[in-house]
Amino acid sequence: MRFYRPEPQVYSFPVSFHLVTHPVAQHALVALRDATTAPAEFRQLAHRIGLIIAAEATRDLPTTAVAVQTPLEMTTGQAIAGDVVVVAVLRAGLCLVDPVLNFLPQARVGHIGLRRDEHTAQAHQYSGHLPERLSNSVILLVDPMLATGGSAVMAIDILKAAGARSIRLLSIVAAPEGVEALARAHPDVAVYSPALDRELNSQKFIAPGLGDFGDRLHGTGVVHKQA
Ligand code: PRP
Ligand code: URA
């Protein structure tokens, strides 16, 4: 097995990147990267990692004191205050909706359909459906791959045009190029990811990466296997 140890990235401007170091996420990521992992296991691993990213990305959600009657007496607790919306970038982001909803069953859900052109790696939008009233909501944008950053920047442009003001990106593998592009375009958006990989290759795939996430998740493509 080949291990990849990321070097610390140095940026000449502020970047809001939260590396999710939880050992369970890191362990699952090894199998997720493995070129021989089939879609059924791939989905389970993505779900497990998604739960941990969701926990990390929602640590600071606002709460409010509430009263609760236990079988013995009244007491108080903290309930989440305010609206949370999870927005999946199709297709690959679909795998992170359920883990977020496991955490936040009350969250509303939106979808933005984006696809990278195979040759230019430029994203274009083919669908979209967002809940109304986003201006006071915390938006958890979920897309497992942050490569050039084109898709994330476009999704956030769309969200902001729809009124969103508080957005976090939950990702599984990020490239330094994508983190930089996102920080330049949307410096207010924090990224939560268990992996900051080395670079983009000449086809704008993340290296070492895990190949085409959407294809591996849905079983629609060839497995990218290293020699
Ligand atoms: C993948 C991935 C991201 C995007 C990242 O989607 O899920 O949305 O590429 O690349 P970028 O940062 O360079 O924009 P893809 O367009 O392959 O569509 P899919 O999810 O339907 O497979
Ligand atoms: N999209 C993917 O699915 N994988 C990459 O490496 C880059 C973009």
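The values are calculated or read from the model by the stated rules, or taken from the named source; none is laboratory data. Small disclaimer: the values here were computed from a predicted structure and weren't measured. Cβ coordinates were reconstructed from backbone atoms using ideal geometry, including for glycine residues, and neighbour counts include every protein chain displayed. With ligands, DNA and RNA removed, areas are computed over all heavy atoms of the protein, side chains included. Shrake-Rupley method; radii C 1.70, N 1.55, O 1.52, S 1.80 Å.
Name the residues in the range 174-207 that are in a helix (DSSP H, G or I) and more than 12 Å from ligand 2 (Cβ to nearest atom), would you?
Those that are in a helix (DSSP H, G or I) and more than 12 Å from ligand 2 (Cβ to nearest atom): P176, V179, E180, A181, L182, A183, R184, A185.
Is it fair to say L210 is of a type in the set (A, V, I, L, M, F, W, C) and assigned to a loop (DSSP other than H, G, I, E, B)?
yes
Just to confirm my filter: which strands (runs of 3 or more DSSP E) fall fully inside the range 54-150 and include at least 3 residues that are modelled with pLDDT of 95 or more and away from ligand 1 (no atom under 16 Å from the Cβ)?
Qualifying strands (runs of 3 or more DSSP E): 63-69, 74-80.
When only residues in the range 133-177 that are hydroxyl-bearing (S, T, Y) and open to solvent by 10 Å² or more (accessible area, probe 1.4 Å) count, which is farthest from R216 (Cα to Cα)?
Filtering first and then ranking leaves S135.
Is there any pair with a first residue in the range 135-151 that is free of Cβ contacts under 8 Å to residues at least 40 places away in the same chain and more than 10 Å from ligand 2 (Cβ to nearest atom) and a second that is open to solvent by less than 10 Å² (accessible area, probe 1.4 Å) and of a type outside the set (K, R) whose Cβ atoms are under 6 Å apart and which are 6 or more apart or on different chains, and what are they?
G149/G178; G149/L182
Going by the conditions given, is R165 touching a strand residue (DSSP E or B) at 6+ places or on another chain (Cβ under 9 Å) and among the charged types (D, E, K, R)?
yes
So in the range 43-57, with the set limited to residues that are open to solvent by less than 20 Å² (accessible area, probe 1.4 Å) and either among the β-branched types (V, I, T) or out of contact with any Leu (no Cβ under 6 Å at 6 or more places or on another chain) (or both), which one is farthest from I172 (Cα to Cα)?
In this case the residue turns out to be A54.
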